[in-house]
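In what follows, a single structure is set out as structure tokens and then discussed.
The values are calculated or read from the model by the stated rules, or taken from the named source; none is laboratory data. As the structure is a computational prediction, the values presented were derived from the model and not from experiment. Cβ: placed from backbone, ideal geometry, glycine included. Neighbour counts: every protein chain shown. The accessibility values were calculated without ligands, DNA or RNA, using every heavy atom of the protein model including side chains. Shrake-Rupley method; radii C 1.70, N 1.55, O 1.52, S 1.80 Å.
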Amino acid sequence: MDYMFLKLLHTFFATVWMGGMVVLPIVFHMHNNNRERVFRDIEKVIIYRILIPSFVFFGIIGALLVAQNVSVMRSDWFYLKIFILLFLLSIFAHFIAIVHANRIEELGYGKNFFINYAVLIGMCFFAINYLTVYKPD
């Protein structure tokens, strides 16, 4: 498959995944404050129908890109992107655990806990995009 087309798909799925990762903490925040059932349904839709599929495609296509251009693994910025991605993956696992537990009301998160999560995820997304575009050496 064409390398640039794979890169386009990789960027698309990464953006969808990161967008969902920023929106989900805001939904958690509203659920934590309002405690309405509708937020549980929204959280499940975001996790199971948007985040998990986009992450799977994002990962598979990323592996295909690395397989087609192995020389990218010689640069430091690539490993920094992977490190940030692993950090985001741990946050993603925490989000899945929260939705799977199905009891955000009992977990006792503070008022701004999830908003801080959204800001942190946005900063990571900015850092990954910077490393992708500028490729500092």
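Before moving on, here are some points about what is shown:
- Where residue 93 falls short, out of the listed (1) open to solvent by 60 Å² or more (accessible area, probe 1.4 Å); (2) without any contact (Cβ under 8 Å) to a residue 24 or more places away in the chain; (3) over 15 Å from residue 18 (Cβ atoms): (1)
- Test: residue in the stretch 104-126 that is under 23 Å from residue 4 (Cα atoms), open to solvent by 30 Å² or more (accessible area, probe 1.4 Å) and assigned to a helix (DSSP H, G or I): yes
- The numbered conditions (1) in contact (Cβ under 8 Å) with a residue 60 or more places away in the chain; (2) farther than 19 Å from residue 13 by Cβ; (3) surrounded by 12 or more Cβ atoms within 10 Å (Cβ to Cβ) are all true for residue 64 except (2).
- Within the stretch 105-119, residues that are among the hydroxyl-bearing types (Ser, Thr, Tyr) have Cβ atoms under 7 Å from residues that are open to solvent by less than 40 Å² (accessible area, probe 1.4 Å) in these pairs: 109/32; 117/25; 117/91, counting only partners at least 6 apart in sequence or on another chain.
- Residue 1 farther than 18 Å from residue 131 by Cβ and surrounded by fewer than 12 Cβ atoms within 10 Å (Cβ to Cβ): yes
- Within the stretch 85-135, if we keep just the residues that are β-branched (Val, Ile, Thr) and within 23 Å of residue 29 (Cβ to Cβ), the residue that is modelled with the lowest pLDDT turns out to be 104.
- Within the stretch 67-78, being surrounded by fewer than 14 Cβ atoms within 10 Å (Cβ to Cβ) and of a type outside the set (Val, Ile, Thr) holds for 67, 68, 69, 71, 73, 74, 76.
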